1. Taking Ala141, is it outside any helix (DSSP H, G or I) and of a type in the set (Gly, Ala, Ser)?
2. Please go through the range 71-100 and give me each residue that is assigned to a loop (DSSP other than H, G, I, E, B) and farther than 23 Å from Thr53 by Cα, ordered by number.
3. Quick check on this structure: which one of Lys56, Lys11 is in contact (Cβ under 8 Å) with a residue 12 or more places away in the chain, within 23 Å of Ile287 (Cα to Cα) and assigned to a strand (DSSP E or B)?
4. Taking only the range 120-173 into account, find how many residues are within 26 Å of Leu207 (Cα to Cα) and aromatic (Phe, Trp, Tyr).
5. Can you list the helices (runs of 4 or more DSSP H) lying wholly within the range 226-336 that have 3 or more residues being surrounded by fewer than 22 Cβ atoms within 10 Å (Cβ to Cβ) and free of Cβ contacts under 8 Å to residues at least 40 places away in the same chain?
6. (1) surrounded by 21 or more Cβ atoms within 10 Å (Cβ to Cβ); (2) in a strand (DSSP E or B): which one isn't true of Asp103, the others all being true?
7. If I filter the range 106-133 down to residues being polar (S, T, N, Q), surrounded by fewer than 17 Cβ atoms within 10 Å (Cβ to Cβ) and in contact (Cβ under 8 Å) with a residue 40 or more places away in the chain, which single residue comes out as farthest from Val258 (Cα to Cα)?
Amino acid sequence: MEIILKPYQLKLQHTFTISRESYNIQPTLIVVLKDGELEGYGEATSNPYYGITVDKMITDITALKQLIENVTDKTPEEFWQLVFPHLQQNMFALCALDIAYNDLYARKKGLKLYEYWQLDTANNPKTDYTIGIDSVEKMVAKLKEKPWPIYKIKLGTKEDIKIIEELRKHTNAVFRVDANCGWEVDEAIKNSGLLKNLGVEFIEQPLKADNWDGHKKLFLNSALPIIADESCIIEEDVEKCHNHFHGVNVKLVKCGGVTSAKRMLLKAKSLQMKTMVGCMTESSVGISAIAHLLPLLNYVDMDGALLLAKDIATGVTIENGIISYSKLNGTGVRLI
């Protein structure tokens, strides 16, 4: 098996702003695993909040080149367990490898990845579309530019309720709110009641990640479901989030790929928690991998490729929130 690493700079359609940062370019790494005529594709983006760069991913994966290229007949679970001890300090790199291996493995079996997992896609949820923090006028313009059934609105400003009140004047779509750790406890409790009356479905990660006393208080007093994101990074965090959040948002890059994400989602479901997968402005390589987890989800945020000025791959397609799979096996990806 041959490994090929391809760094890209993904240009966004609009400046993307959340409570702690803004950016126009998203660096990403595509991992290609090649076995004969077949190739598998994986992806992980860089992320300053977690201290991950594309160069760091390349360095850490290159150090494992011989180990990876000597793999022959391992299942994706066995491959993940083989590589994990070497990359447990760089789960983003592990994610890119894991997605590529799952893609390649399913293609070898002549199956789409969800078919290999024996999942039923009949009731897949729709994806939301994200509106980043901006002036109210620009946020309204983005809303009108992309009519959609579900929007995720990034908040964490001093005018959060006014923003939602203004956006609500222009659409009857479902709203989800993501404060990216930008609120305090009492503020979040108060906002939950106001946002419920404005047609908001849930609030994602309103408090700082390590504020567990605050999470508990909010969990018991919120008018809306609270979904963990920054507080739920790896598998052990799902249990910690139980009875502190109503659900978890699993990010493939943070937990080490689809293999571990699937385990996390099944664990959350066993605890009667809501399940969600989110994205990190990946291209269609990473977004297509998320699509195969849809049967395990209550909610999904997989609009990353829709936010790009130009994609680098084909894969799943998304129209008005509805996700359609590629005809290709594996994750269904082809690099452009």
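Derivation of every value follows stated rules applied to the coordinates shown; laboratory data play no part. Worth saying up front: this structure is predicted, and the values here are computed from it rather than measured. A quick note on method: Cβ atoms are made from the backbone with ideal geometry, for glycine too, and the neighbour counts reach across all protein chains shown.
1. Considered against the rule, which asks whether it is outside any helix (DSSP H, G or I) and of a type in the set (Gly, Ala, Ser), Ala141 comes out as no.
2. Val71, Thr72, Asp73, Lys74, Thr75
3. Matching residue, one of Lys56, Lys11: Lys11.
4. 2
5. Counting at least 3 such residues, we get 235-241, 258-270.
6. Only one criterion is unmet by Asp103, namely (2).
7. Step by step, filter the range 106-133, then rank; the result is Asn123.
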